[in-house]
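Only one structure is covered here, and it is reproduced in the block below.
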Amino acid sequence: MGMDALQIFTQSPRMWRHPAPDPEAARRFREHRARARLGAVTCHATYLINLASTDRTVRGRSQRALAATVEAATGLGLDSVIVHVGSHRGGGISRALKRIVSAIDTVLGDAGDCRPWLLFENTAGVGDTMGSTPAELEQVLDALGRPARVGICLDTCHLWAAGVDIADAGRVDELVAEVDDRIGLDRLRCLHANDSATPLGSRRDRHENVGRGEIGSGMAVLLGHPRLQGLPAIMETPGSGHGPDDREVAALRRLHRNGMRRWARRRAHA
């Protein structure tokens, strides 16, 4: 497929049950990864996780699911685990932050120092979901005390849905500066490169193949930003029906090259 970064699931993304880690499968995975020369491999935790939930049962399941994912990712030698912050469901952000901190402190304490990065992903901003802006992600990191190996993943579709025009160079410059100021670019460890099937500011999370949605060729602007180079860019797009394929990878690489050229011209005329 021509890729050099990969995202996997260590369980079904829509189930609570996590299979027990298989040391032999993990060993084979690490060998194949080295052979394939993949520069970065991350995993996404189950979508059911909501550490901010007011429901104690949901919160307990969420904590156990995240802990199991971090354990599996550690055994597989993955670089990071990506998770959504969650939804306070009307319970208020300040109380939700306390619940999140309690759960994450337990997960990190049990995982030890050799664990992968834990990355909070920005959201599209629907309903009571948390983490749709750099300011909200900053709140979570500050509440946790900014521990080592905890950072963020930015999703292009979610940024667009939350009202950030990532096809505008000036706005992207502002976004990058804000992320650096509030969070630190050293804690930005991954991009989700998805086009959007819905308009700017729709607050709806609907992914489309790169270059074929509402963002279109404008995705090149964020992908090519000089301060975002070297990050793994993961597609979560439909492809031809079974996820990203070699054509999608090639399309993303074209957008990236076009974006780098745009920024080079912009600097030359500054």
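The values are calculated or read from the model by the stated rules, or taken from the named source; none is laboratory data. If you're wondering where the values come from, they're calculated on a predicted model, not measured in any experiment. Cβ sites come from the backbone with ideal geometry, for glycine too, and all protein chains shown count toward neighbours.
Across region 45-54, the qualifying residues are those that are touching a residue at least 40 places away in the same chain (Cβ under 8 Å) and not polar (S, T, N, Q), and the one among them that is surrounded by the most Cβ atoms within 10 Å (Cβ to Cβ) is Ala52. Examine region 39-48 for a residue that is in contact with a strand residue (DSSP E or B) (Cβ under 9 Å, 6 or more places away or on another chain), more than 18 Å from Ala111 (Cβ to Cβ) and not aliphatic (A, V, I, L, M), and state whether such a residue exists. Yes. Within region 34-44, identify whether any single residue is more than 17 Å from Arg189 (Cα to Cα) and touching a helix residue (DSSP H, G or I) at 6+ places or on another chain (Cβ under 9 Å), and answer yes or no. The answer is no; no qualifying residue exists.
Checked against the criterion of being in contact (Cβ under 8 Å) with a residue 24 or more places away in the chain, over 28 Å from Val210 (Cβ atoms) and either basic (Lys, Arg) or surrounded by 15 or more Cβ atoms within 10 Å (Cβ to Cβ) (or both), the candidates Ala96, Ala161, Ala167, Ala124 yield just one match: Ala96.
When region 226-248 is filtered for residues that are surrounded by fewer than 20 Cβ atoms within 10 Å (Cβ to Cβ) and in a loop (DSSP other than H, G, I, E, B), the ones remaining, listed by number, are Gln229, Gly230, Leu231, Glu236, Pro238, Ser240, Gly241, His242, Asp245.
The C-beta contact set for region 133-151 (first residue more than 17 Å from Glu178 (Cα to Cα), second residue surrounded by fewer than 18 Cβ atoms within 10 Å (Cβ to Cβ), distance under 7 angstrom, 6+ apart or interchain) comprises Ala143/Val101; Leu144/Val101; Val150/Leu144.
Conditions tested, residue by residue: (1) more than 23 Å from Ser132 (Cα to Cα); (2) assigned to a helix (DSSP H, G or I); (3) among the aliphatic types (A, V, I, L, M).
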| position | (1), (2), (3) |
| --- | --- |
| Asp181 | no, yes, no |
| Leu191 | no, no, yes |
| Gly213 | no, no, no |
| Ala264 | yes, yes, yes |
| Ala270 | yes, no, yes |
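Annotation: Gly218 fulfils all but one of (1) farther than 18 Å from Leu159 by Cβ; (2) touching a residue at least 40 places away in the same chain (Cβ under 8 Å); the unmet one is (1). In the set (1) buried (at least 17 other Cβ atoms within 10 Å of the Cβ); (2) over 17 Å from the mean Cα position of the chain (by Cα); (3) modelled with pLDDT of 95 or more; (4) over 30 Å from Ala250 (Cα atoms), the condition left unmet by Thr57 is number (1). Being surrounded by fewer than 18 Cβ atoms within 10 Å (Cβ to Cβ), modelled with pLDDT under 95 and of a type in the set (D, E, K, R) is a description that does not apply to Arg30. The condition of being surrounded by fewer than 16 Cβ atoms within 10 Å (Cβ to Cβ) and under 24 Å from Arg89 (Cα atoms) does not hold for Gly184.
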